[in-house]
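A short write-up of the structure that comes next.
The values are calculated or read from the model by the stated rules, or taken from the named source; none is laboratory data. Model, not experiment: these values are computed from the prediction. Neighbour counts are summed over all protein chains in view; Cβ atoms, including those assigned to glycine, are modelled from backbone coordinates with ideal geometry.
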Number of protein chains: 2
Amino acid sequence: MSSDMSDKSDKPSGTSFNTIFGPIIMAIDAELRAVRQEHAEIAPIFWQVIDYQFGWDLGPDQAELAAKAAGKKARPLLMALVAKAVSGDYQHVLPAGASLELLHNFTLIHDDVMDKSLERRHRPAVWTKWGAYQAINCGDGIYALSNIAMTRLLERGTPAEKVVRAARTMSQACLWTAEGQILDMDFETRETVTTADYITMISHKTGTLIEAAAHIGALLSTDDATVIDAYAQFARNLGIAFQVRDDFLGAWGDETRTGKSATTDIREKKKAFPILAAFEKATEADRAALRHIYAQDTLADSDIQTVLAIMARTGAAAQTDTIAKQYYDAALAHLDRTGIQNDTQTLIREFAAFLIRRAY
Amino acid sequence: MSSDMSDKSDKPSGTSFNTIFGPIIMAIDAELRAVRQEHAEIAPIFWQVIDYQFGWDLGPDQAELAAKAAGKKARPLLMALVAKAVSGDYQHVLPAGASLELLHNFTLIHDDVMDKSLERRHRPAVWTKWGAYQAINCGDGIYALSNIAMTRLLERGTPAEKVVRAARTMSQACLWTAEGQILDMDFETRETVTTADYITMISHKTGTLIEAAAHIGALLSTDDATVIDAYAQFARNLGIAFQVRDDFLGAWGDETRTGKSATTDIREKKKAFPILAAFEKATEADRAALRHIYAQDTLADSDIQTVLAIMARTGAAAQTDTIAKQYYDAALAHLDRTGIQNDTQTLIREFAAFLIRRAY
């Protein structure tokens with residue numbers, strides 16, 4: 001399960017995503033292309049994969065597909081917005097934004113191998129085209145390129161101490177993301193996973209790169225530790241809220257609104273928040289029924305109805321909704337704690353709402 | 001094919017590896033343990049893998065196995081030797097040494113998955129114990145930890161500008177290593193691979209991390225660009241010489257001296273230097289015979305004899321030997337170019353000889 005969060009979300013109502021955020025996204029793309037250009041090509045496959053992953057292989061006659069293939073760059077966008085809210089500009093964080101986007105894409109390429117996800121952004125996933133092993137190698141190389149991209153902060157006048165701090169924050173986030181992914185895979189075969197275990201897992205697997213976006217955007221724009229911490233906490237809580245809300249939609253989503261089939265997660269036996277919440281509150285008889293259903297290789301429609309009925313009896317939908325809302329409210333409280341008020345801060349609030357629009 | 005170079009080599013004659021280099025290796029191990037200790041454990045599996053990979057899971061009653069499981073730490077050892085030759089001390093490079101050792105181990109863990117190598121350092125490889133996917137995840141996390149380890153240079157008083165430079169050098173080496181690995185896998189299915197292609201591949205896959213060891217050891221110890229460059233070139237050439245010599249032994253090695261079965265590489269159809277050299281110089285008839293033999297799934301003993309005969313007719317052994325010696329001589333010329341003469345520099349020369357002792 002890899003969240004490329006923007007791709008799953010509705011567009012902000014009444015305006016186009018690209019109208020509001022387009023110039024920032026173009027600046028991030030330009031920085032990514034500059035990173036790519038400064039390297040001699042040793043292994044052609046590696047650079048073909050990069051061009052493919054960012055949609056740079058598609059010509060002007062395929063602009064629509066290229067826009068989808070490029071991804072929405074939600075994380076560096078958030079980083080740029082935080083930088084602008086704090087300092088009035090975002091140009092100085094672009095190398096860190098490119099670094100984060102490369103890091104995010106490395107995790108997507110590896111996760112798609114492990115999840116056996118055939119498609120990514122409306123095209124075959126990298127491993128589908130180049131094989132699992134070359135996808136792993138290219139992911140490794142893209143993480144190396146992410147680290148190189150970060151050092152370009154020096155050329156934009158960032159003091160070296162701050163570059164090291166940003167790099168350390170990014171590496172810590174990557175370590176936590178890997179640990180979250182390890183936990184997620186471990187949960188697949190674990191007998192019992194509590195909702196608390198699950199929140200720990202997603203706060204690392206999904207939350208830490210979103211947290212890094214806001215954290216680094218702030219630390220490159222101010223020395224005020226309270227402001228930096230508030231933005232970081234805002235983003236981590238937002239990431240958790242996003243994932244729990246995504247889980248809600250995997251059980252009870254409105255297919256016409258989300259583009260994601262309702263009950264998808266149940267059918268795929270995902271250990272997502274709703275089923276874990278139901279299991280915790282279920283009677284012994286219902287637990288036995290759930291254990292029996294989830295021990296099967298595939299679930300029949302009648303099994304899905306049984307799971308939904310147990311979820312209904314345990315109030316799992318309300319609990320899932322409540323937890324998502326709690327983290328969203330916590331996120332907004334941290335955002336207020338920054339004490340910053342301006343147009344960009346309003347855009348950040350809209351960005352947060354946009355991420356979980358499907359919810360509230 | 002993953003080279004854990006020290007494990008394959010003879011010990012320096014007349015003295016124990018550990019007597020000469022033991023204190024440095026212990027200091028590197030201590031720094032690695034300190035990196036490990038400063039992190040809260042989110043995913044227990046990740047930290048179990050780290051402890052296993054560095055032999056820290058083994059008690060004092062298994063000291064011999066632990067020493068083998070830990071690896072010989074040849075790269076950070078080289079880094080420390082270069083630092084000491086240049087500046088008289090090596091304590092200041094230990095965080096970079098730990099970072100390099102973590103990076104090297106991440107590549108070993110991933111490569112073992114792709115090579116389906118069941119064992120590493122006399123024990124089951126990480127993927128053999130934890131599965132391929134968790135091995136990939138843990139490798140990713142260990143690379144993140146490698147990046148964090150590098151930032152500890154700040155705490156030893158390294159100026160932040162130098163930390164960024166060291167980190168960039170390391171990341172560039174990792175990118176080149178990944179590109180080398182991509183080329184190596186690509187060669188497996190490519191119709192024609194020239195010896196020039198092969199040297200490009202190994203100079204990146206094997207050479208760049210050894211180059212990074214000497215490069216970073218020097219740049220953290222002097223501002224003299226000529227000295228830094230000379231050490232870097234020395235190590236890259238040494239890495240290439242080591243790999244070509246390793247290839248020689250894979251075709252004509254003395255099993256009793258190398259611990260590696262002679263003709264191993266031929267039996268495994270590896271596109272190593274000797275067979276590529278033979279193919280380039282072979283007659284059309286011999287090329288056809290080689291193409292036929294290598295198109296089979298497995299090679300009979302008679303096939304191996306045919307390959308050895310063609311290698312003999314083309315002078316592949318002499319050519320392989322000559323190329324290895326050329327790179328070794330180039331390495332030593334670069335070492336002289338540093339202009340540094342002291343006991344540690346002599347040790348570096350001995351280290352280089354030790355790496356290819358089996359050769360000359």
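Below, the figures for the structure above:
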{"quantity": "Sole exception among (1) more than 27 Å from B:ILE24 (Cα to Cα); (2) crowded, with 20+ Cβ neighbours inside 10 Å; (3) out of contact with any Lys or Arg (no Cβ under 6 Å at 6 or more places or on another chain) for B:ASP197, by number", "calculated": "(2)"}
{"quantity": "Segment A:62-95: number of residues that are in contact with a Phe, Trp or Tyr (Cβ under 9 Å, 6 or more places away or on another chain) and surrounded by 17 or more Cβ atoms within 10 Å (Cβ to Cβ)", "calculated": "16"}
{"quantity": "Residue among A:ALA213, A:ALA225, A:ALA230, A:ALA235 that is among the small types (Gly, Ala, Ser), more than 10 Å from chain B (Cβ to nearest Cβ), surrounded by fewer than 24 Cβ atoms within 10 Å (Cβ to Cβ) and closer than 30 Å to A:THR322 by Cβ", "calculated": "A:ALA230"}
{"quantity": "Test: residue in segment B:198-205 that is over 30 Å from B:ALA288 (Cα atoms), of a type in the set (Ser, Thr, Tyr) and in contact with a Gly (Cβ under 8 Å, 6 or more places away or on another chain)", "calculated": "no"}
{"quantity": "Residue within segment B:106-116 that is acidic (Asp, Glu) and touching a Phe, Trp or Tyr at 6+ places or on another chain (Cβ under 9 Å) present", "calculated": "yes"}
{"quantity": "Filtered residues of segment B:284-311 (kept if within 18 Å of B:VAL193 (Cα to Cα) and either surrounded by 13 or more Cβ atoms within 10 Å (Cβ to Cβ) or in contact with a strand residue (DSSP E or B) (Cβ under 7 Å, 6 or more places away or on another chain) (or both))", "calculated": "B:ASP286, B:ARG287, B:ALA289, B:LEU290, B:ILE293, B:TYR294, B:VAL307, B:ILE310, B:MET311"}
{"quantity": "Some residue of segment B:85-107 being over 27 Å from A:TYR143 (Cβ atoms), aliphatic (A, V, I, L, M) and touching a Lys or Arg at 6+ places or on another chain (Cβ under 8 Å)", "calculated": "no"}
{"quantity": "Residues satisfying the stated conditions in segment B:68-97, i.e. among the small types (Gly, Ala, Ser) and farther than 12 Å from B:ILE216 by Cα", "calculated": "B:ALA69, B:ALA70, B:GLY71, B:ALA74, B:ALA85, B:SER87, B:GLY88"}
{"quantity": "The one condition in (1) under 30 Å from A:ILE199 (Cβ atoms); (2) touching a strand residue (DSSP E or B) at 6+ places or on another chain (Cβ under 7 Å) that B:ALA69 fails to fulfil", "calculated": "(1)"}
{"quantity": "Matching option when the condition is over 30 Å from B:ALA218 (Cα atoms), over 22 Å from the mean Cα position of the chain (by Cα) and part of a helix (DSSP H, G or I), among B:LEU299, B:LEU276, B:LEU308", "calculated": "B:LEU308"}
{"quantity": "Subset tally (residues that are facing chain B (nearest Cβ under 8 Å) and either touching a residue at least 24 places away in the same chain (Cβ under 8 Å) or over 14 Å from A:ALA96 (Cα atoms) (or both)) for segment A:140-149", "calculated": "6"}
{"quantity": "Close pairs from segment B:185-209: first under 29 Å from B:ALA96 (Cα atoms), partner polar (S, T, N, Q) and modelled with pLDDT under 95, Cβ under 8 Å, at least 6 apart", "calculated": "B:THR206/B:SER3"}
{"quantity": "Any hit, segment B:342-352, residues being more than 18 Å from B:LEU78 (Cα to Cα) and in contact with a Ser or Thr (Cβ under 9 Å, 6 or more places away or on another chain)", "calculated": "no"}
{"quantity": "Condition check for A:LEU249: at pLDDT 95 or above, of a type in the set (A, V, I, L, M) and surrounded by 17 or more Cβ atoms within 10 Å (Cβ to Cβ)", "calculated": "no"}
{"quantity": "Residue within segment B:187-201 that is at pLDDT 95 or above, facing chain A (nearest Cβ under 9 Å) and part of a helix (DSSP H, G or I) present", "calculated": "yes"}
{"quantity": "Any hit, segment A:315-335, residues being of a type outside the set (Lys, Arg), surrounded by fewer than 17 Cβ atoms within 10 Å (Cβ to Cβ), in contact (Cβ under 8 Å) with a residue 60 or more places away in the chain and in a loop (DSSP other than H, G, I, E, B)", "calculated": "no"}
{"quantity": "Tally, over segment A:156-182, of residues that are more than 7 Å from chain B (Cβ to nearest Cβ), charged (D, E, K, R) and free of Cβ contacts under 8 Å to residues at least 60 places away in the same chain", "calculated": "2"}
{"quantity": "Tally, over segment A:22-47, of residues that are more than 18 Å from A:SER146 (Cβ to Cβ) and facing chain B (nearest Cβ under 8 Å)", "calculated": "1"}
{"quantity": "All positions within segment B:205-229 that are part of a helix (DSSP H, G or I) and among the acidic types (Asp, Glu)", "calculated": "B:GLU211, B:ASP229"}
{"quantity": "Residue list for segment A:95-139, filter: polar (S, T, N, Q), over 30 Å from A:ALA83 (Cα atoms) and more than 8 Å from chain B (Cβ to nearest Cβ)", "calculated": "A:SER117, A:THR128"}
{"quantity": "Hits in segment A:118-127 (condition: of a type outside the set (A, V, I, L, M, F, W, C), out of contact with any Gly (no Cβ under 8 Å at 6 or more places or on another chain) and either assigned to a helix (DSSP H, G or I) or farther than 24 Å from A:TRP176 by Cα (or both))", "calculated": "A:GLU119, A:HIS122, A:ARG123, A:PRO124"}
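Conditions (1) closer than 20 Å to A:ILE348 by Cα; (2) in contact (Cβ under 8 Å) with a residue 40 or more places away in the chain, marked per residue:
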{"residue": "A:ALA80", "(1), (2)": "yes, yes"}
{"residue": "A:LYS84", "(1), (2)": "yes, yes"}
{"residue": "A:PRO95", "(1), (2)": "no, yes"}
{"residue": "A:LEU103", "(1), (2)": "no, yes"}
{"residue": "A:ASP111", "(1), (2)": "no, yes"}
{"residue": "A:ARG120", "(1), (2)": "no, yes"}
{"residue": "A:PRO124", "(1), (2)": "no, no"}
{"residue": "A:THR128", "(1), (2)": "no, no"}
{"residue": "A:GLY131", "(1), (2)": "no, no"}
